[in-house]
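What follows is a set of notes on a single structure, which appears directly below.
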Amino acid sequence: MRIFTTLPQEDLRKVGPAARAIEAVGYTGVSTQENKHEPFLSLAVAGAATERLELHTGVAIAFARSPMAVANIGWDLAASYGGGRVTIGLGSQVRAHNERRFSVPWSPPAPRIREYVQAVRAIWNAWKSGGKLAYEGKHYAFTLMTPNFVPEPYEGSLPRLGVAAVGPAMLKVAAEESDDVKLHAFCTRKYLTESIMPILDAGLAARGRTRESFEISGGGFVVTGKDDAAVAELFDWVRYRVAFYGSTPAYWPVFEAHGLGDLGRKLNAMTRAGQWNEMAREVSDDVVHLFAAVGRHDQLEKAISRRFGGLVDSISASANSAKPSDLPPDLVQDLARIPTRYKHQA
């Protein structure tokens, strides 16, 4: 199993020391989010401070940036630290955030993200080969690249591209176009097995790509701590996250897979009534367990094997950047021995 954790994105001065400590413990890598903070700056700092730590955005919001801008960022990170260390995870976000938070036009996201990934690859390939840039799609067109704007060449592989996916259309795009599907934490093993994996398997088969070359990341929460009190505190935090996400209709198929559709509709009604502080009370312990691997550090290996084993290749040991992982080195080593199908190529 590949184990990721978060960085202190709120203060770039803390990133270097944090990244070195994360690498020393033995984590696979770090993953940044685009919530309160920009996701690429802290990765650049972390890469400079470490030797092998993988650098992932999990995720950067795609449509708020031109594919050209993302291609430049990915190229610079790979040129500095090696393409095998860099994965740019892209997410579409929902319509309201695109239009009202980022002030960018909205269109059906799956066809657009497909072109987005294709366009970034086309730009990179033109820079690598010295050939003509000629990508033209419905949403994006890139046909101008003069020598003055071509970055310096570097030896080694290109960065990997990941796509965040929840619904069937985006899962299909992820399997057919990307190197890594970034699954949402609002996911259960049943939903992963019965609803997600068939779509990914079909997409990989249509593409002629082996499962071993494709990474499946996420798909649930990890609730852990050194003692029962720490586990209980994080368990209640995840309870609220389940209530928060479960109130949104886009996530209801996960609830429906467990006969919990009425819970989703009730939570949605509570949000419209402004009852945000009461929502978590509607989510029972049994429901939280559906969405998370739960256990103290001494119980975690078995909990993760039961919850994610055989399906997922990479997990986040951190709930978010404000709740960094505190796994001891020997536990990280134990978790790394859980078998996965994906075989990373540095």
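The values are calculated or read from the model by the stated rules, or taken from the named source; none is laboratory data. Since this is a predicted model, take the numbers as computed values, not measurements. Note: ideal-geometry Cβ built from the backbone for every residue, glycine included; neighbour counts use all protein chains shown.
Give me a count of the residues in segment 46-57 that are of a type outside the set (S, T, N, Q) and part of a strand (DSSP E or B).
3
On the given criteria, is Gly131 modelled with pLDDT under 95 and touching a helix residue (DSSP H, G or I) at 6+ places or on another chain (Cβ under 9 Å)? Judged against the criteria, Gly131 is a match.
Yes or no: segment 139-160 includes at least one residue that is surrounded by fewer than 20 Cβ atoms within 10 Å (Cβ to Cβ), part of a helix (DSSP H, G or I) and aliphatic (A, V, I, L, M).
no
When the residues of segment 85-126 are filtered to those that are closer than 13 Å to Ala64 by Cβ and among the aliphatic types (A, V, I, L, M), the one that is modelled with the lowest pLDDT is Val94. If you filter segment 63-79 down to residues that are in a helix (DSSP H, G or I) and of a type in the set (A, V, I, L, M), you find that the one that is surrounded by the fewest Cβ atoms within 10 Å (Cβ to Cβ) is Ala69.
If you go through segment 257-266 and keep only what is within 15 Å of Phe186 (Cα to Cα) and in a helix (DSSP H, G or I), you end up with Gly261, Leu263, Gly264.
Within segment 265-281, which residues are surrounded by 14 or more Cβ atoms within 10 Å (Cβ to Cβ) and either of a type in the set (Gly, Ala, Ser) or in contact with a Leu (Cβ under 8 Å, 6 or more places away or on another chain) (or both)? Listed by number, the residues that qualify are Met279, Ala280. Of the candidates Phe291, Phe244, the single residue that is surrounded by 15 or more Cβ atoms within 10 Å (Cβ to Cβ), within 15 Å of Val222 (Cα to Cα), modelled with pLDDT of 95 or more and aromatic (Phe, Trp, Tyr) is Phe291.
For segment 29-44, the set of residues classified as out of contact with any helix residue (DSSP H, G or I) (no Cβ under 8 Å at 6 or more places or on another chain) and within 19 Å of Ser314 (Cβ to Cβ) consists of Ser31, Gln33, Glu34, Pro39, listed by residue number. Glu212 meets all of the listed conditions (1) out of contact with any helix residue (DSSP H, G or I) (no Cβ under 8 Å at 6 or more places or on another chain); (2) within 20 Å of Val181 (Cα to Cα); (3) modelled with pLDDT under 95; (4) not in a loop (DSSP other than H, G, I, E, B) but one, namely (3). Scan segment 5-30 for residues that are buried (at least 17 other Cβ atoms within 10 Å of the Cβ), assigned to a loop (DSSP other than H, G, I, E, B) and among the acidic types (Asp, Glu) and jot them down. None - no residue of segment 5-30 is buried (at least 17 other Cβ atoms within 10 Å of the Cβ), assigned to a loop (DSSP other than H, G, I, E, B) and among the acidic types (Asp, Glu), so the list stays empty. Is it the case that Gly84 is closer than 24 Å to Glu212 by Cα and in a helix (DSSP H, G or I)? Answer is yes for this residue.
Any chance segment 174-193 includes a residue that's in contact with a Pro (Cβ under 8 Å, 6 or more places away or on another chain) and farther than 30 Å from Gly84 by Cα?
yes
Within segment 25-54, the set of residues being hydrophobic (A, V, I, L, M, F, W, C), touching a Pro at 6+ places or on another chain (Cβ under 9 Å) and either within 16 Å of Gly162 (Cα to Cα) or without any contact (Cβ under 8 Å) to a residue 40 or more places away in the chain (or both) comprises Ala49 only. Pairs meeting the criteria (first residue in segment 250-271 and closer than 27 Å to Pro109 by Cα and free of Cβ contacts under 8 Å to residues at least 12 places away in the same chain, second residue loosely packed, with under 15 Cβ neighbours inside 10 Å and not charged (D, E, K, R), beta carbons under 7 Å, at least 6 apart or on different chains) are Phe255/Gly261.
Pairs are defined by a Cβ separation below 8 Å, a sequence spacing of at least 6 or placement on different chains, a first member in segment 232-249 that is assigned to a helix (DSSP H, G or I), and a second member that is of a type in the set (Ser, Thr, Tyr) and surrounded by fewer than 22 Cβ atoms within 10 Å (Cβ to Cβ); the pairs so defined are Tyr245/Tyr251. The residues on offer are Ala60, Ala96, Ala164, and the sole one that is without any contact (Cβ under 8 Å) to a residue 24 or more places away in the chain and either over 18 Å from the mean Cα position of the chain (by Cα) or assigned to a strand (DSSP E or B) (or both) is Ala96. Ile315 - would you say it is more than 17 Å from Tyr191 (Cβ to Cβ) and touching a strand residue (DSSP E or B) at 6+ places or on another chain (Cβ under 7 Å)? No: the conditions fail for Ile315.
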